[in-house]
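Input: a single structure, listed below in structure tokens.
No value in this document is a laboratory result; all are computed from the given coordinates. The structure displayed is predicted, hence computed values, not measured ones. When we count neighbours, we look across all protein chains shown, and the Cβ atoms used for this are built from the backbone with ideal geometry, even at glycine.
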Amino acid sequence: MFGLMQERPLLVASIIQHAARHHGRTEIVSRLTDGTLHRTSYAALERRARRLAVALRTLGIASGDRVATLAWNSFRHMELYYGISGGGAVCHTVNPRLSADDVAYILNDAADRLLFADTSFVPLIEAAAPMLAGHLQAVVMLCAAAEMPQVALPPGIALLCYETLIDAAGEDYAWPVFDERTAANLCYTSGTTGRPKGVLYSHRSILLHTMAENGGAVFGLRPADRAMPVVPMFHVNGWGSAYAAPAAGAALVMPGRHLDGASVAKLMNDERVTVSAGVPTVWLGLLSHLRASGERLHTMQRLIIGGSACPPALIEAFDREYGVTVEHAWGMTESSPLGTFNTPRIVPGEDAAAALQRKAKQGHAIFGLDMRIVDDAGQEQPWDGVASGNLQIRGHWVCSAYYGNPPGSATDAEGWFTTGDVATISPDGNMEITDRSKDVIKSGGEWISSILLENIAVAQPEVAEAAVIAAAHPKWDERPVLLVVPRQGQTIDPARLLGAYRGQVPNYWIPDAVVVLDELPHTATGKVSKLALRKRFRDHLTSSASAA
Ligand code: ADP
């Protein structure tokens, strides 16, 4: 016997319809490319998203067509999220920090028909355009007619203006109702190994992820919140903020391209931000700025940190010095992205050191998703906080196949997706990533966690940022090498720094060398690029240059 409850397809447009109807006056504040602030409301944004859907139809975009965006976080990018997918097409967010070659590869692979772009990306578009295979019919600049830049495009690709399209389109449009399994968004992984691969989210997966994200044990946004997604909307749907905030009726503050510590702190205070989310690099930048300037955060309550391991020193500093709670999250493009979340909890009898150790782990599986660790033979490993294994996940918003491949081709027969991360899980289900499998350091057959070594380095007062990589070694195969950037005005004494490891890790974990750099290379998603560092320092312990 089936239940007798209503069944309505889970569609992305329902989120913005809900926000317009029930939280219509709630604000979306965007810092635009020129630095000015723009204000709108959910009601106004929904109207413009409808106009966009009409404009797309006029341009011949049909259900299932891919429409690309190359844009910072702003109200217009949000209109694209809803106008494109809400009308049945696929919103394909492209990462503008990739090379022109990769951008062209991605646009060709997805066979995008339109590209909506911020004016700051004109050079990138011009560099990529000659490599396009002929699917793209127009580039639409996200600006008003008076702001239209010159863009050199090959014949066959038209240049259009976003605001002109919106002005010309009517509002008389009803969001269509269709199968919830329809593709809504497409996002390519950064391609740190091989060419980027597309992850194709469905309306259903996005809605379920949004509901899970707004659960009390996860982001748990509320109407009193003013949420600032620092994570870009071109990266895994901005971790879902552009869905979760309107679903909850929380205000959104979009920082645009200005992500340095001073700009982030100013926007947080000026716009009374309560919660924000992003990668550790941005928060390390914010912390350095606050410490150097003496500025305080007046309304911030919670920082959600993920994308790479959050150093315990960062959790402690924000909590102790600024009264801001850090919540550590783990996920990936293939998991929409939320997989685990380290929710604040009270553990009777726990001392401060143990609490910090617990909070620094990547957290507990979110309801709707399951995880396990397995050895190389696929044998499940115990949850004892010691045994480590390959982390696998399955759930309502985990990818089943990459774009263009048959369903189920990215998982095993039981639906487990192998993440490429190596982790331990404590008896109570707190997961800790020890490494990405390709970053693992194997010294004399023993695994050394680069993340743990980096966390210890970043906890030292003279260190701003750190990375540990495996360098080739004639006797041990691989040995850790520590690459560090000093804090402003500080110098690093390698011997003192290595001394800090004594007693904290087994002696054989202590790095063989320290290299002081002015800066570390970052990937297109703002994480430290270990790939670039490995290329540069792989032979550091064997080459005569480094010995000298
Ligand atoms: P890319 O890093 O290639 O841009 P993703 O954003 O999908 O692509 O990255 C997902 C990966 O980032 C995870 O598999 C994991 O290695 C790493 N990651 C994400 N969050 C965390 C975290 N909190 N701690 C450690 N690693 C993390």
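Give me Rg over Rh for the stretch 1-121, both radii from the alpha carbons and Rh done the Kirkwood way, two decimal places. For the stretch 1-121, the value is 1.04. Looking at the chain, the DSSP beta bridges with both ends there are about 55 percent antiparallel.
Over the stretch 382-480, one equal point on each Cα, no solvent: what is log10 I(q)/I(0) by the Debye formula at q = 0.13, 0.25 Å⁻¹? With no solvent term, the Cα-only Debye profile gives -0.63, -1.20. Compute log10 of I(q)/I(0) for the stretch 8-202 with the Debye formula, placing one identical point scatterer on every Cα and leaving out solvent, at q = 0.10 Å⁻¹, to two decimals. Each listed q corresponds, in turn, to -0.39. Relative contact order of the stretch 271-385, please, whole-number percent, based on alpha carbon pairs below 8 angstrom and at least 6 residues apart. Relative contact order of the stretch 271-385: 20 percent. The P(r) of the stretch 112-155 has a tail past 12 Å containing 59 percent of all C-alpha pairs.
Note on the stretch 294-361: Rg/Rh from C-alpha atoms, Kirkwood Rh, equals 1.00. For the residue pairs LYS266/LYS438; LYS197/LYS475; LYS361/LYS442, the C-alpha atoms sit more than 27 angstrom apart in LYS266/LYS438; LYS197/LYS475. Taking the inverse of the mean reciprocal distance over all distinct Cα pairs, the Kirkwood hydrodynamic radius of the stretch 407-450 comes to 12.3 Å. Sites listed here are trypsin sites (Lys or Arg not before Pro) in the stretch 471-511 whose DSSP assignment is loop and whose Cβ has at most 11 other Cβ atoms within 10 Å: LYS475. Averaging the sequence gap over all C-alpha pairs within less than 8 Å and six or more residues apart, then dividing by the number of residues, gives the stretch 315-454 a relative contact order of 18 percent.
Note that the stretch 439-507 carries a Kirkwood radius of 12.6 Å, evaluated over its alpha carbons pair by pair.
Within the stretch 248-343, the ratio Rg/Rh, alpha carbon atoms throughout and Rh by Kirkwood, equals 0.95.
Tell me, what is the percent relative contact order of the chain, built from C-alpha pairs under 8 Å that lie six or more residues apart? Averaging sequence separation for qualifying contacts and normalising by length gives 10 percent for the chain.
Taken along its three principal axes, the alpha carbon spread of the stretch 266-306 comes to 24, 21, 13 Å, from the longest extent down to the shortest. Between MET148 and ARG345, the modelled label-to-label distance comes to 5.7 nm, taking each label 7 Å out from Cα in the direction of the beta carbon.
The calculated P(r) of the chain, using every Cα pair and 10 Å bins from 0, goes 3, 18, 28, 27, 16, 6, 1, 0 in percent.
Diffusion coefficient (Stokes-Einstein, Kirkwood radius over C-alpha pairs, 10 °C, 1.306 mPa s) for the stretch 321-408: 105 µm²/s, rounded to a whole number. Averaged over residues, the count of other Cβ atoms within 10 Å places the peptides 80-89, 391-400, 130-139, 50-59 in the sequence 80-89, 391-400, 50-59, 130-139, highest first.
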